[in-house]
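Undergrad: Below are the structure tokens for one structure; questions will follow.
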Amino acid sequence: MKPLEHDHRYGELDQVIRAYLGQSADDGAEQRSAALDSYLRHTWHTRPWAVAVAEQQLREYSRNPPGRLRQRLGEFYPVPDVGLPDTEIQGWLLQLADHLKHSVEAGEVPPTAAPATHWEWHARFPELGQFLGGWFSQDMPDEFEDHEAAVEDYLAGTDSALTARLVGELHELRALGLEESDYALATGELGMEVDPPAPCTPGAWLALVADRLARGTEEPARDAG
């Protein structure tokens, strides 16, 4: 299936399903799962119009599941494993569509909070995920002399606009006012596989990195003369 056709039919449906990877699909008729709450919380505050698109695509897919011909031709969206029997998927998708419809019609939006799922961490902090997962994986000690060298390497090879976006995400993360244990959880969810340099706590190290990256994106002052 061509990308344009895929996005037209299944693009937002795919975002909803991805929010369930690693989570329980335990939605009930009167209760949303943590995964669906995470999708709604992030999407309402970034792309509110997409909730209605997701509702439409979920409902259409649940009412018209792909037949054998479409499956053979590859002209369908293969629902990833969410821990439900195949016989329950169709009803579950319709239930999700009902929850999204209610959210739109009632204006029921999950309150702003720290991300609650792996998907939400990466959806809310995409550049921070690239930074931590790419420069501070378990291979970092073999590739760089220390944490500072990894940060300098990121600065040297990254467009200034992306660096500025990363600085903004770091400030947004710090503004959540998390406990240190929660900052450790956040960095782990976002791909960091090494400890921050001693004696820094995760939160303190993130603040130092934000300051260093911000100074790295500043344009040199022009000579007044």
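The values are calculated or read from the model by the stated rules, or taken from the named source; none is laboratory data. All values derive from a computational prediction rather than experimental measurement. Glycine gets a Cβ as well: all are built from the backbone with ideal geometry, and neighbour counts include every protein chain shown. Please note that ligands, DNA and RNA were not included when accessible areas were found on the heavy atoms of the full protein model with its side chains. Shrake-Rupley method; radii C 1.70, N 1.55, O 1.52, S 1.80 Å.
Undergrad: Ignoring solvent entirely, what values of log10 I(q)/I(0) come out of the Debye formula for the range 1-66 at 0.12, 0.19 Å⁻¹ when each Cα is a single scatterer?
TA: With no solvent term, the Cα-only Debye profile gives -0.32, -0.79.
Undergrad: A further question on this structure: Please report the carbon-and-sulfur percent of the accessible area for the range 1-154; probe 1.4 Å, protein heavy atoms only, DNA, RNA and ligands left out. Numbers along the way, then the final one.
TA: Values: 4140 of 8520 Å².
For the range 1-154, the apolar C and S fraction of the accessible surface comes to 49 percent.
Undergrad: On a 1.4 Å probe surface of the protein chains, which of F144, F125 comes out largest in accessible area, and what is the full order?
TA: Working: F144 35, F125 0 Å².
Most to least solvent-accessible, the answer reads F144, F125.
Undergrad: Take K101, K2 and sort them by solvent-accessible surface of the protein heavy atoms, 1.4 Å probe, largest at the top. Write out the running numbers ahead of the final one.
TA: Values: K101 95, K2 155 Å².
Largest accessible area first, the residues go K2, K101.
Undergrad: Going by Cα centres, the range 17-58 and the range 174-188 are how many Å apart?
TA: Result: 24 Å between the Cα centres.
Undergrad: Under a GNM of the chain (C-alpha, springs under 10 Å), which listed residue has the highest mean-square fluctuation: E12, E179, E55?
TA: Of the options given, E179 has the highest mean-square fluctuation.
Undergrad: Once you treat every alpha carbon in the range 91-225 as an equal point and sum by Debye, what is log10 I(q)/I(0) at q = 0.09, 0.11, 0.19, 0.20 Å⁻¹?
TA: With one equal scatterer per Cα and no solvent, log10 I(q)/I(0) is -0.36, -0.50, -1.07, -1.16.
Undergrad: Compare the Cα positions of V167, F136, L13 along the charge dipole of the chain (+1 at Cβ of Lys, Arg; -1 at Cβ of Asp, Glu; about the Cα centre) and return the one farthest towards the positive end.
TA: Of the options given, the answer is L13.
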